[in-house]
Amino acid sequence: MVLWFPCIQVLNVIGEKIHPMLKRTLSPEVTFEDVIAEPPSVRSFDKVWLWSHALFEVSRLWCYRLISLLLAVPVSLVAGILFAVFSCLHIWLITPFIQLFLINMHWVQTVWGSVLDIAIAPFFKSMGKCCSSINVRLARD
């Protein structure tokens, strides 16, 4: 059973805990009868229904194979090139720039540490002391 969305796969794994109506509503499975359907009052010959079903399944399979054959190699090539470019940029440009920035901005780290120690840390220490006597007890009724 092939599902379209990863969240549906997760819901399918824990399907015992999900209400059956919700599971049916979220399941996006499309069958031949959903696409090509005849009303119950009017039916074609059985052979027409059988051949149209076979043609639908075969064309769906071969269209997928053809499209994946045409697109799989170019898309993987582009993805590989993008990964290589981004890796090169990260290794040779972004990481050295960040290191230079941190080396030249050491005084900002010193000032910020002082601001935290002088203004903000005492406030949170006093709030912690005020709230340290709060006890929470859970009891079953």
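Per-structure values
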item	result
Some residue of the stretch 41-54 being in contact (Cβ under 8 Å) with a residue 24 or more places away in the chain, on the phi < 0 side of the Ramachandran plot and acidic (Asp, Glu)	no
Only one of VAL73, VAL85, VAL48 that is modelled with pLDDT under 85 and surrounded by 10 or more Cβ atoms within 10 Å (Cβ to Cβ)	VAL48
Selection from the stretch 40-55 of residues that are assigned to a helix (DSSP H, G or I), touching a helix residue (DSSP H, G or I) at 6+ places or on another chain (Cβ under 9 Å) and of a type in the set (Gly, Ala, Ser)	SER52
Residues of the stretch 112-141 classified as loosely packed, with under 10 Cβ neighbours inside 10 Å and assigned to a helix (DSSP H, G or I), total	7
Check on LYS129, at pLDDT below 85 and basic (Lys, Arg)	no
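The values are calculated or read from the model by the stated rules, or taken from the named source; none is laboratory data. Note that the structure is a prediction, hence the values are computed from the model and not measured. Glycine gets a Cβ as well: all are built from the backbone with ideal geometry, and neighbour counts include every protein chain shown.
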